[in-house]
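Presented below is the structure to which this report refers.
Read-outs throughout are calculated quantities, based only on the coordinates presented, and are distinct from any laboratory measurement. Model, not experiment: these values are computed from the prediction. Here the Cβ is made from the backbone with ideal geometry for all residues, glycine too, and neighbour counts use every protein chain on show.
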Ligand SMILES: Cc1cc2nc3c(=O)[nH]c(=O)nc-3n(C[C@H](O)[C@H](O)[C@H](O)COP(=O)(O)OP(=O)(O)OC[C@H]3O[C@@H](n4cnc5c(N)ncnc54)[C@H](O)[C@@H]3O)c2cc1C
């Protein structure tokens with residue numbers, strides 16, 4: 001059976017997130033975009049409203065919601081402010097390796113506190129010298145007695161200066177690539193752990209990004225996630241769980257861009273007519289609408305797969321690659337419809353345009369998604385045609 005309707009509970013959650021975005025995000029998005037300040041009051045409110053950390057199981061004090069709920073919530077919030085939503089959602093990304101590979105003791109110690117107070121978990125995988133090539137991690141880890149000792153640097157880490165803990169990926173031996181990767185939970189106040197200054201960014205300016213350095217940082221052995229050498233698999237499973245949400249972020253941003261354009265064409269007159277009267281403009285809106293509908297369908301399929309089947313790697317890559325391209329294209333076209341006004345900060349389009357770009361970069365670039373999908377078509381995918389029938393120059397028999 002295929003059913004595209006949301007349940008009553010999902011619709012209520014969606015309405016709550018939509019109201020939150022309209023009351024607490026959109027009115028302050030320009031301020032945080034201009035100043036680059038960390039939007040702690042908004043995130044605090046989001047936490048109080050119960051719109052954060054949705055995937056933490058009930059057993060550990062959370063709401064135990066699935067990927068579909070996560071996605072419909074972030075679509076609404078990203079339509080409000082992409083940067084704030086990234087800072088809010090990074091807790092889910094940071095906590096996901098613990099959900100994927102943590103023991104009950106680790107979950108109790110590190111997930112429950114996120115539900116009891118506003119705390120931050122950051123995901124520390126990328127480094128100055130690598131992002132796409134996760135197996136190329138250079139941060140080193142060595143076992144010494146009852147501790148693992150970390151040395152190296154991470155870069156681009158969202159919320160790093162505010163993090164209470166990090167989920168960190170490091171290598172026992174970089175020459176062994178993915179086989180040597182390990183994942184750890186590292187408390188931010190561990191001696192030898194230091195965060196850098198926030199970097200100035202083109203978009204998502206309401207989310208703080210900085211480096212994290214590890215200098216002989218001793219992590220107790222009980223903080224390893226899974227076994228030694230399992231870090232690569234944990235990172236990939238984490239991305240498969242979180243990429244549907246990035247597709248949902250992108251869908252929310254694209255939807256907002258389309259709605260701003262729709263509003264504008266109803267007001268703006270050119271050549272003595274409302275912009276809405278021109279077929280070229282209607283076609284632009286139609287393109288946006290079709291692609292946003294497709295993006296939403298794709299992220300819902302990926303989220304449904306996560307919730308009901310398990311591994312959503314392929315559908316998550318499809319959704320992420322498609323929806324993030326749609327967000328970039330829609331933001332650009334919606335800006336174009338605004339003409340010069342699209343280019344200045346008195347309208348939200350120039351911010352949406354800057355924010356959209358990041359979706360094609362983080363959590364696996366658009367090219368990386370296509371690498372995954374290209375390999376899938378060539379080796380994982382089961383062709384519908386068992387054998388390709390002979391095509392050329394067949395004379396029909398008497399059926
Ligand atoms: C604002 C921001 C926030 C971020 N937050 C986090 C975070 O919280 N935690 C975290 O761990 N990381 C984070 N990242 C890092 C992000 O995930 C990486 O930037 C991303 O994975 C790309 O890595 P890179 O920048 O090193 O680019 P590279 O891997 O160097 O890639 C450069 C270009 O080459 C392309 N490319 C790479 N490999 C191939 C290939 N095999 N074939 C074809 N093309 C290829 C890429 O698609 C890209 O276009 C963040 C990044 C930004 C900008």
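For the reader, a short list of remarks on this structure follows.
- Among 23, 329, 76, the residue with the largest mean-square fluctuation in a Gaussian network model of the chain, with springs joining Cα atoms closer than 10 Å, is 23.
- Most mobile listed residue (106, 11, 273) in the chain, GNM with C-alpha springs under 10 Å: 273
- Relative contact order of the stretch 232-380, defined on C-alpha pairs under 8 angstrom at six or more residues apart (%): 32 percent
- Residue among 32, 381, 362 with the largest mean-square fluctuation in a Gaussian network model of the chain, springs linking Cα atoms under 10 Å: 381
- Computing Rg and the Kirkwood Rh from the Cα coordinates of the stretch 1-140 gives a ratio, Rg/Rh, of 1.00.
- Computed packing ranks the peptides 88-99, 223-234 as 88-99, 223-234, most packed first, by mean other Cβ atoms within 10 Å.
- Taking the chain and dividing mean pair separation by its residue count, relative contact order in percent (alpha carbons under 8 Å, at least six apart): 16 percent
- Computed from the Kirkwood radius of its Cα pairs, the Stokes-Einstein diffusion coefficient for the chain at 4 °C and 1.567 mPa s stands at 58 µm²/s.
- Of the two radii for the stretch 294-377, the radius of gyration is 1.09 times the Kirkwood radius, both from the alpha carbons; that is the Rg over Rh value.
- Estimated purely from DSSP H runs of n ≥ 4, each contributing -39500 (n - 2.57), the mean residue ellipticity at 222 nm for the chain is -16000 deg cm²/dmol once divided by its residues.
- Between the stretch 235-275 and the stretch 62-91, the alpha-carbon center distance in angstrom: 16 Å
- For the stretch 121-229: relative contact order, % (alpha-carbon pairs under 8 angstrom, 6 or more apart): 31 percent
- The label point for residue 277 and the one for residue 119, both projected 7 Å from the Cα toward the Cβ, are 6.2 nm apart.
- The spacing between the stretch 303-357 and the stretch 1-28, judged by their C-alpha centroids, is 18 Å.
- Extending 7 Å from Cα along the Cβ direction at residue 175 and again at residue 11 yields two label points whose distance is 6.2 nm.
- Semi-axis lengths (Å, descending) of the ellipsoid that matches the C-alpha gyration tensor of the stretch 121-229: 23, 16, 11
- Pair-distance distribution P(r) for the stretch 232-380, from all Cα-Cα distances in 10 Å bins starting at 0: 12, 37, 27, 15, 6, 1, 0 percent.
- Highest average first, the peptides 196-207, 61-72 ordered by how many other beta carbon atoms sit within 10 Å of their residues are 61-72, 196-207.
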